[in-house]
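Some notes on the structure that comes next.
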Amino acid sequence: MGDPVRLLLCKSILDVIKQEKLLELTAKTGEKMNAGLLSLQDLYPQLLSSARGQGTYCAIDVASQEARDAFVQDMRVNGVLALGSGVQSIRFRPGLIFGSRHVDILLEKMEGSAKVVSAKFGLV
């Protein structure tokens with residue numbers, strides 16, 4: 001039968017997700033985020049490639065593991081939490097409340113990091 005308190009908590013969480021239309025927000029925000037990642041990859045083709053994602057669960061490849069690690073570190077210094085994944089990917093796993101204004105901030109910070117890392121690794 002499960003723990004009644006936990007079941008009530010789960011029901012409340014699902015109700016909020018439905019009422020706030022968080023899944024629709026994620027789909028819309030994900031489209032903007034993926035478009036922004038594709039734009040960054042076009043601006044920095046020597047550094048970034050293979051932008052991909054479903055909703056806001058996105059990833060992009062960086063030229064090398066060293067460049068990826070420098071990119072992730074530069075973003076952290078600038079307040080963005082992103083994770084390295086595999087050999088040279090950066091992945092993003094934001095919460096359901098991640099919206100359009102958050103995408104704008106993320107892409108601005110990513111462009112700054114791309115400039116820094118491109119210069120550092122001679123990928124201009």
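The values are calculated or read from the model by the stated rules, or taken from the named source; none is laboratory data. Remember, it's a predicted structure, so these values are computed and weren't measured experimentally. Virtual Cβ from ideal backbone geometry, glycine too; neighbours counted across all protein chains shown.
When ARG101, ARG76, ARG91 are checked against the criterion of being closer than 18 Å to GLY30 by Cβ, charged (D, E, K, R) and exposed (fewer than 14 other Cβ atoms within 10 Å of the Cβ), ARG101 stands alone in meeting it. The C-beta contact set for the stretch 102-117 (first residue of a type in the set (S, T, N, Q), second residue assigned to a helix (DSSP H, G or I), distance under 7 angstrom, 6+ apart or interchain) comprises SER113/PHE71; SER113/ASP74; SER113/MET75.
Please go through the stretch 94-124 and pick out each residue that is part of a loop (DSSP other than H, G, I, E, B), β-branched (Val, Ile, Thr) and either within 15 Å of TYR57 (Cβ to Cβ) or modelled with pLDDT of 95 or more (or both).
The initial filter retains those residues of the stretch 94-124 that are part of a loop (DSSP other than H, G, I, E, B), namely 94-99, 121-124.
Filter once more, so that each one left must be β-branched (Val, Ile, Thr): 97, 124.
Across the stretch 94-124, the qualifying residue is only ILE97.
Can you tell me which residues in the stretch 54-69 are more than 13 Å from the chain's Cα centre (by Cα) and either under 21 Å from SER39 (Cβ atoms) or among the acidic types (Asp, Glu) (or both)?
Of all residues in the stretch 54-69, those more than 13 Å from the chain's Cα centre (by Cα) come to 62-69.
Within the stretch 54-69, VAL62, ALA63, GLU66, ALA67, ARG68, ASP69 meet the criteria.
Residue by residue, here is whether (1) in contact (Cβ under 8 Å) with a residue 40 or more places away in the chain; (2) closer than 16 Å to SER113 by Cβ holds:
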position: CYS10; (1), (2): no, no
position: SER49; (1), (2): no, yes
position: THR56; (1), (2): yes, no
position: ILE90; (1), (2): no, yes
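Filtering the stretch 21-37 to residues that are in contact (Cβ under 8 Å) with a residue 12 or more places away in the chain and surrounded by fewer than 14 Cβ atoms within 10 Å (Cβ to Cβ) leaves LEU23, ALA27.
Residues in the stretch 53-73: is at least one of a type in the set (Asp, Glu) and surrounded by 19 or more Cβ atoms within 10 Å (Cβ to Cβ)?
Pass one, the stretch 53-73, residues of a type in the set (Asp, Glu): 61, 66, 69.
Retained after the next criterion (residues that are surrounded by 19 or more Cβ atoms within 10 Å (Cβ to Cβ)): 61.
Looking through the stretch 53-73, at least one residue is of a type in the set (Asp, Glu) and surrounded by 19 or more Cβ atoms within 10 Å (Cβ to Cβ).
Residue selection: VAL87 fails the criterion of being more than 18 Å from GLY55 (Cβ to Cβ), assigned to a helix (DSSP H, G or I) and over 11 Å from the mean Cα position of the chain (by Cα).
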